[in-house]
Amino acid sequence: MTKNREQKLEKAIKQVKRKDARKGLVKFSTDCLPIDSIHDAQGFTEKLFSNLKKSNERHEVKLYMLRLISRMIGRHKIQLLQFYPNLIRYLNSHNKEKISEIFAMIIESCHDLVPPETLRPIIEKIISNYVSEYCNNQHITVGLNAIREILMRMPLALDPEQIEYLCLYKSSRNKSVRAASKSLINYFRDVCPELLPRKLRGRFTEIDEENELKAFVFGQEKVNTDIDGIELLKKHEKIGTDVNLAADRILDNTDLKKIKILKLKEGVKHVDRHGFRDKDDELAAFAEGKRKDELASKRDEYRHKLELLMQLRAEKARRE
């Protein structure tokens, strides 16, 4: 295997692992906290927000009230649409030391039942005040990270043109700004690549039923009805697609590890379709009339090398 092919393979494996990690990411905390036991959460939050608008307290006290309201909205998935335009006032504050706290409130109050049009003015305000050429690098980094966290909860909150503008910061001279922009690009490559310009989608990005733009509908929640990647295991073991494999037998660690390897093989297929074999070796195999079982052993060797490569990457990550 050449060094160039190994680098391409490592990039493809890294993208497949990152995509799987995003699927298993829990967007909201599942811990049981005292705030979850509040009676009539909707009425309590509306009363608290009404008191906030009438309040003449100090700025710090208002921030505490905002923090509680945002926590209630996020934990109970409350629809309080008039809360978000009120946050724009605090984004205009000249005290930029506490802007990260306000960004955290905005992120915490976002959930999948809030219409994207409601949050769009807030994101546009963040872009105009904190992500522009007139801002310092620290504010641009914080602004890009905040926008990424909002879009992780609501991918349709921005237009492709605005996303393209944010992606332009990947060529910034500042390292933190560049990293924040690239993390935003990587997120859209995994979740919805159609929102990115074609030149930023990456060589190893594929558009399927899960990440196409049509699959993102407001209010629609994706529910998994089967184990992720079990269709690859059925295909590998030559089991019919109509068979419910998860109900017929208990999948052990060997089966789950096999599914992981098959998903990696599927992810790197567009990098190297024939495994680690060179073209000369393949032509020689056909010229000598080798049997199919020898070619199958090559594929097993390919899987073994994939496992070794994964182990080497894991050891390297531990050392770092």
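The values are calculated or read from the model by the stated rules, or taken from the named source; none is laboratory data. Owing to the predicted nature of the structure, the values given are computational and were not obtained by experimental measurement. Virtual Cβ from ideal backbone geometry, glycine too; neighbours counted across all protein chains shown.
Under 27 Å from N186 (Cα atoms), at pLDDT below 70 and in a helix (DSSP H, G or I) - does that describe any residue in the stretch 28-48?
Step one: list which residues in the stretch 28-48 are under 27 Å from N186 (Cα atoms), which gives 28-30.
From the residues that got through so far, the ones that are at pLDDT below 70 too are 28-30.
Subset that is in a helix (DSSP H, G or I): none.
No, the stretch 28-48 contains no residue that is under 27 Å from N186 (Cα atoms), at pLDDT below 70 and in a helix (DSSP H, G or I).
Within the stretch 180-214, restricting attention to residues that are of a type in the set (V, I, T) and without any contact (Cβ under 8 Å) to a residue 24 or more places away in the chain, the residue that is nearest to N145 (Cα to Cα) is I185.
When you check R189 against the structure, is it closer than 30 Å to K77 by Cβ and surrounded by 15 or more Cβ atoms within 10 Å (Cβ to Cβ), yes or no?
Working: closer than 30 Å to K77 by Cβ: yes; surrounded by 15 or more Cβ atoms within 10 Å (Cβ to Cβ): yes.
It is true that R189 is closer than 30 Å to K77 by Cβ and surrounded by 15 or more Cβ atoms within 10 Å (Cβ to Cβ).
Give the residue that is surrounded by the fewest Cβ atoms within 10 Å (Cβ to Cβ), with candidates limited to residues of the stretch 101-137 that are within 23 Å of E60 (Cα to Cα), more than 20 Å from the chain's Cα centre (by Cα) and not β-branched (V, I, T). Step by step, filter the stretch 101-137, then rank; the result is E101.
The requirement of being surrounded by 19 or more Cβ atoms within 10 Å (Cβ to Cβ) and within 23 Å of the chain's Cα centre (by Cα) is fulfilled nowhere in the stretch 85-100; no residue meets it. Residues considered: L195, L233, L184. Of these, the only one that is in contact with an Asp or Glu (Cβ under 7 Å, 6 or more places away or on another chain), surrounded by 17 or more Cβ atoms within 10 Å (Cβ to Cβ) and of a type outside the set (K, R) is L233.
Report whether or not E60 is farther than 20 Å from A157 by Cβ, surrounded by fewer than 15 Cβ atoms within 10 Å (Cβ to Cβ) and not basic (K, R).
yes
Annotation for the stretch 173-180: at least one member residue is surrounded by fewer than 17 Cβ atoms within 10 Å (Cβ to Cβ), touching a helix residue (DSSP H, G or I) at 6+ places or on another chain (Cβ under 9 Å) and among the polar types (S, T, N, Q).
Suppose the filter is more than 16 Å from the chain's Cα centre (by Cα) and either exposed (fewer than 13 other Cβ atoms within 10 Å of the Cβ) or of a type outside the set (S, T, N, Q) (or both); does D226 pass it? Full working, then the answer.
On the way: more than 16 Å from the chain's Cα centre (by Cα): yes; either exposed (fewer than 13 other Cβ atoms within 10 Å of the Cβ) or of a type outside the set (S, T, N, Q) (or both): yes.
So D226 passes the test.
Here the stretch 107-129 is the region considered, the condition is being touching a residue at least 60 places away in the same chain (Cβ under 8 Å) and in contact with a Lys or Arg (Cβ under 6 Å, 6 or more places away or on another chain), and the residue that is nearest to R148 (Cα to Cα) is H111. Only residues that are under 16 Å from the mean Cα position of the chain (by Cα), under 17 Å from G143 (Cβ atoms) and among the hydroxyl-bearing types (S, T, Y) were counted in the stretch 167-210, giving 3.
In the stretch 138-153 there is at least one residue matching the filter, namely being surrounded by fewer than 16 Cβ atoms within 10 Å (Cβ to Cβ), more than 17 Å from the chain's Cα centre (by Cα) and in the same structural domain as T205 (by TED's automatic domain parsing).
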